[in-house]
Amino acid sequence: MAIGDRCVRRPAEGSADYEGRAQVDSYREEVLWAVEYQEATISDDHAAHLYDAVSQWGADDAFFLNVATSGHSTRVLDLGCGTGRITIEIVQADVAGTGIDPHQPSVAAAQQKPNADRVKWVIGDSRTIPASREFGVTIMSSNVAQAILEDEDLSRTFRDIAAHMPSGGRLAFDSRDPRARGWERWTKDRSLKTLELPEGPSHHWYQTTHVDESTGMVDFCAHEVDAEGRERKACDRIRFRSEEHLRSLLTDAGFIVDAVFGGFEGEPVAQGIGALVFIAHRA
């Protein structure tokens, strides 16, 4: 499932020269929950609690908030807004914000937060962007692009965004860099976390189950052991795309790439935290 449907020379892959490898471990592994637990045998309310408990405000959120509020745009679209953490901060900066997400329980959780009434919430995907609205800035944070498995769907998502954006409008999004091989860190030893949830302490970890490096498709399972010792598992798939691949899709959709960073503090690609952070504008 994907939001588009629903909801400098660098070292060679795997080389010891690839910088920032230790930092990759903490690069938004937690946001996988937003994908996994939509199909798990787990209540929707619990899924929203998991997302908010695991996903704390970080440098990536600050980056996207800055992109959304630092220009002169009066309207910002947060596509794949989840539980609305960034969206609500946007409207508190006196910018009109719209949050779209296909997962109704996540949107419902967002609507319960302070200042949520200032946001226009939509349950859906890029095809449900309000027809009458044009946005000067669109953000897709938390590696939303990786949940869109098919190129034609990601291309359509980019085209839908461009269709609701003036010339010069900005798009910012992130995706994990396949050169950093982040899936290798999704093991119990390296990803185990203990969280305090309303139901009590809960232990969570990830386990990669299959990797197809030729397509970038990665299958993984998320495991949870709750306060009563019950274990639940949910499995899903995301896609890693190279910088060149994403550049091509953006160009085909009518965007011009302004910058690509390896992290959220302006690091060069392959010298950051294993990320590909894009800023582009509509031609």
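The values are calculated or read from the model by the stated rules, or taken from the named source; none is laboratory data. Only a predicted model underlies this, so the values are computations on that prediction, with no experimental measurement involved. Cβ: placed from backbone, ideal geometry, glycine included. Neighbour counts: every protein chain shown. What goes into the accessible areas is simple: the full protein's heavy atoms, side chains included, and nothing from ligands, DNA or RNA. Shrake-Rupley method; radii C 1.70, N 1.55, O 1.52, S 1.80 Å.
Figures for the structure shown
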read-out	value
Yes/no for residue 214 being at pLDDT below 95 and more than 24 Å from residue 160 (Cα to Cα)	no
Test set (1) over 30 Å from residue 75 (Cα atoms); (2) assigned to a strand (DSSP E or B); (3) out of contact with any Phe, Trp or Tyr (no Cβ under 7 Å at 6 or more places or on another chain) - residue 209 fails condition number	(3)
Residues of the range 269-280 satisfying the condition of being assigned to a strand (DSSP E or B) and surrounded by fewer than 21 Cβ atoms within 10 Å (Cβ to Cβ)	279
Unmet criterion (only one of (1) in contact with a helix residue (DSSP H, G or I) (Cβ under 9 Å, 6 or more places away or on another chain); (2) surrounded by fewer than 19 Cβ atoms within 10 Å (Cβ to Cβ)) for residue 250	(2)
Residue 102 vs. criteria farther than 22 Å from residue 264 by Cα and under 19 Å from the mean Cα position of the chain (by Cα)	yes
Helices (runs of 4 or more DSSP H) fully within the range 66-180 counting 1 or more residues that are open to solvent by less than 20 Å² (accessible area, probe 1.4 Å) and over 22 Å from residue 278 (Cβ atoms)	85-92, 104-111
Residue among 228, 244, 224 that alone is farther than 23 Å from residue 177 by Cβ, open to solvent by 30 Å² or more (accessible area, probe 1.4 Å) and not small (Gly, Ala, Ser)	228
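Residues checked against (1) of a type outside the set (A, V, I, L, M, F, W, C); (2) in contact with a Cys (Cβ under 8 Å, 6 or more places away or on another chain); (3) modelled with pLDDT under 95:
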position: 108; (1), (2), (3): no, no, yes
position: 132; (1), (2), (3): yes, no, yes
position: 150; (1), (2), (3): yes, no, no
position: 167; (1), (2), (3): yes, no, no
